[in-house]
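Contents: one structure, followed by commentary.
Coordinate-derived values only; no laboratory data. All values derive from a computational prediction rather than experimental measurement. Because the Cβ atoms are built from the backbone with ideal geometry, glycine has one as well, and the counts that use them run over all protein chains shown.
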Amino acid sequence: MASSRAVILGIESSCDETAAAVVVDGREVLSNAVISQIDRHAVFGGVVPELACRAHVQAIVPVVDKALADARVAPEELTAVAVTNSPGLIGALLVGVAYAKSLAFCLGKPLYGVDHLHGHMYANRMAFPDLEYPCVNLIVSGGHTSLYLSRGPLDHTLIGSTRDDAAGEAFDKVAKILGLPFPGGPAIDKLSKGRDPGRVSFKRTLLEEGSLDFSFSGIKTAVLYAARGQDAKGDRAPTPERVADLAAGFQEAVVDVLLAKSLQACRERGVPRLAVGGGVACNSRLRAKGAELEARDGVRVYFPPPAWCTDNAAMIAGVAYHQWRRGPPDGLTMDAVPTKVYRR
Ligand code: KG4
Ligand code: ZN
């Protein structure tokens, strides 16, 4: 096992943010640069993969330069280079992986391929070094909604996942139905603030008794019918008041399901620690009800700062530190892998 200080450059390009960060020993974040493409995709109401790849190509060099400059670290001072290589949009991943390979090769530094979801889970450990293992991890993002039993930064067992839409995807699609801007999560969060979420109530889909899986496709249709009438035939757009009530009711139902399943997982596994990560972990209602759960149910609930919830490279450099400590690098034959099967 290596023993000296590890200064790791992380690179992230799996979806619609091009990001680079320098992190020391998996904890000390010297820089965390992100170039977001949200404006490019907003006009289309969702991430367009081809546009994402092109934007990554434009942003990758400037974002890595910025991360190194902000950290005041010269490339030669790096211990290793790390990059998200799975899961994600293949063209987007390839930009980061190809760049990281060339950089590692030119500098003669070891290269590590990092799992994007391990990154989201590590964000809490980076923010709260006292977070103990085992813990239950709830990952809620635009592409994933899953529960893991985690025994270490690199040791995660899948215990539940969505059978259809991810929670963030449901936020984005419901926002579109309601005529709200992309990304839908922040728009719905903002509109729901201070509203009574009980004015419109949606069914909480809990699936079979005891299941830790999720399903969010039904609630999308329920919102569509509530907004446009049965069979979505209504041609009159709902009033702004009604849109806000629907948004608040939808958000409440999703948050309730996420927390109910998470609490069930903690109880079943006898683990009184819940760490929530991914873009949807920015949600203010999820955070507020997570705090209520902590006070009521005796489970410590952790949320990273919002900048570490959405896609970033600090979490990638953080995980890579543990891969560096564990053993040999992946090397230049490492591949980008768009989908990944997690073992249960
Ligand atoms: O983790 P992330 O940046 O990218 C993926 O790996 O998918 O998550 C993006 C997702 C989007 O679906 C976005 O709508 C959602 O996170 N999101 C939110 C909030 N902020 C971002 N969802 C609910 N409330 C928010 N405040
Ligand atoms: Zn993500």
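What you get for region 131-303, charging only the Cβ of Lys and Arg (+1) and of Asp and Glu (-1), is a dipole of about 340 debye around the Cα centre. Which one, 35, 121, 85, projects farthest toward the positive side of the charge dipole computed for the chain from Cβ point charges (K/R +1, D/E -1)? Result: 121, furthest along the dipole toward the positive end.
Considering only 129, 110, 87, the Gaussian network model of the chain with Cα springs below 10 Å gives its largest mean-square fluctuation to 129. Computed over neighbours whose Cβ is under 9 Å from that of residue 256, the net charge equals +1, Lys and Arg +1, Asp and Glu -1. Simple point charges give the picture: +1 on the Cβ of Lys and Arg, -1 on the Cβ of Asp and Glu, and for the chain a dipole about the Cα centre of about 440 debye. Here's the list of lysines a cross-link from residue 66 could span, going by alpha-carbon distance under 30 Å and ignoring same-chain residues fewer than 8 apart: 101, 109. Springs between alpha-carbon pairs under 10 angstrom, Gaussian network model over the chain: which of 162, 333, 84 fluctuates most? Highest fluctuation of the listed residues: 333.
Dipole orientation for region 159-236: of the candidates 219, 175, 161, 175 has the Cα lying most toward the positive pole (charges on Cβ; Lys, Arg +1; Asp, Glu -1). As a length-normalised measure over Cα pairs under 8 Å and 6 or more apart, the relative contact order of the chain settles at 25 percent.
Counting only DSSP beta bridges with both residues in the chain, what percent are antiparallel, rounded to the nearest 5? In the chain, DSSP labels about 60 percent of beta bridges as antiparallel.
For region 215-278, the Cβ-based charge dipole about the Cα centre amounts to some 240 debye (Lys, Arg positive; Asp, Glu negative; other atoms uncharged). Bridgeable aspartates and glutamates around residue 173 (alpha carbons under 12 Å apart, same-chain partners fewer than 8 residues away excluded): 165. For the chain, a Gaussian network of Cα nodes joined below 10 Å ranks 122, 148, 99 by mean-square fluctuation, and the top entry is 99. Each of 239, 133, 260 was scored by the projection of its Cα onto the charge dipole of region 131-303, and the greatest displacement toward the positive side belongs to 239; charges sit on the C-beta of Lys, Arg, Asp and Glu.
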